[in-house]
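Report on the structure given below.
The values are calculated or read from the model by the stated rules, or taken from the named source; none is laboratory data. All values reported here derive from a predicted model rather than from experimental measurement. Reconstructed Cβ throughout: ideal geometry from the backbone, glycine too, with neighbour counts over all protein chains shown.
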Amino acid sequence: MGWQFSFQGYISFDDNPKIKSFEDWKRELQADGKIFDEYGRELTFKEFVELVESKNAAPNNSYDYCMKDSTTRGYSMDNDWKDEAGFSFSNVEFS
């Protein structure tokens with residue numbers, strides 16, 4: 001739908017491991033984990049990385065969208081950030 005991937009980040013004191021970037025997620029997924037898309041299909045690590053990276057140039061970024069509307073809608077962006085590659089992250093529950 002023209003959106004970049006948005007990631008769950010883990011930066012709290014109790015979070016282990018700390019995940020603050022797409023590079024952190026890649027390290028964790030390569031080390032231990034299976035990857036499934038929203039339809040329940042399993043993806044290889046390579047397929048997942050290619051999919052995420054192909055969407056990085058998409059025109060819509062969740063962080064930018066929320067930041068633009070945060071003052072008018074009254075929500076805080078204290079738990080949201082963009083990593084060095086420009087991917088959106090949030091340290092709060094979302095789906």
Could you list, in sequence order, all residues of the range 4-23 that are surrounded by 12 or more Cβ atoms within 10 Å (Cβ to Cβ) and assigned to a loop (DSSP other than H, G, I, E, B)? GLN4, PHE5, GLY9, ILE11, ASP15, LYS18, LYS20, SER21
Would you be able to tell me the number of residues in the range 3-25 that are within 20 Å of ALA57 (Cα to Cα) and either over 11 Å from the mean Cα position of the chain (by Cα) or of a type in the set (S, T, N, Q) (or both)? 5
Does MET1 satisfy being surrounded by 10 or more Cβ atoms within 10 Å (Cβ to Cβ) and at pLDDT below 85? no
Just one listed residue, out of LYS26, LYS82, is at pLDDT 90 or above and surrounded by 10 or more Cβ atoms within 10 Å (Cβ to Cβ), and it is LYS26
The range 1-50: number of residues that are hydrophobic (A, V, I, L, M, F, W, C) and under 23 Å from ASP78 (Cβ atoms): 8
Taking the condition of being modelled with pLDDT under 80, over 13 Å from the mean Cα position of the chain (by Cα) and assigned to a loop (DSSP other than H, G, I, E, B), how many residues in the range 29-69 meet it? 5
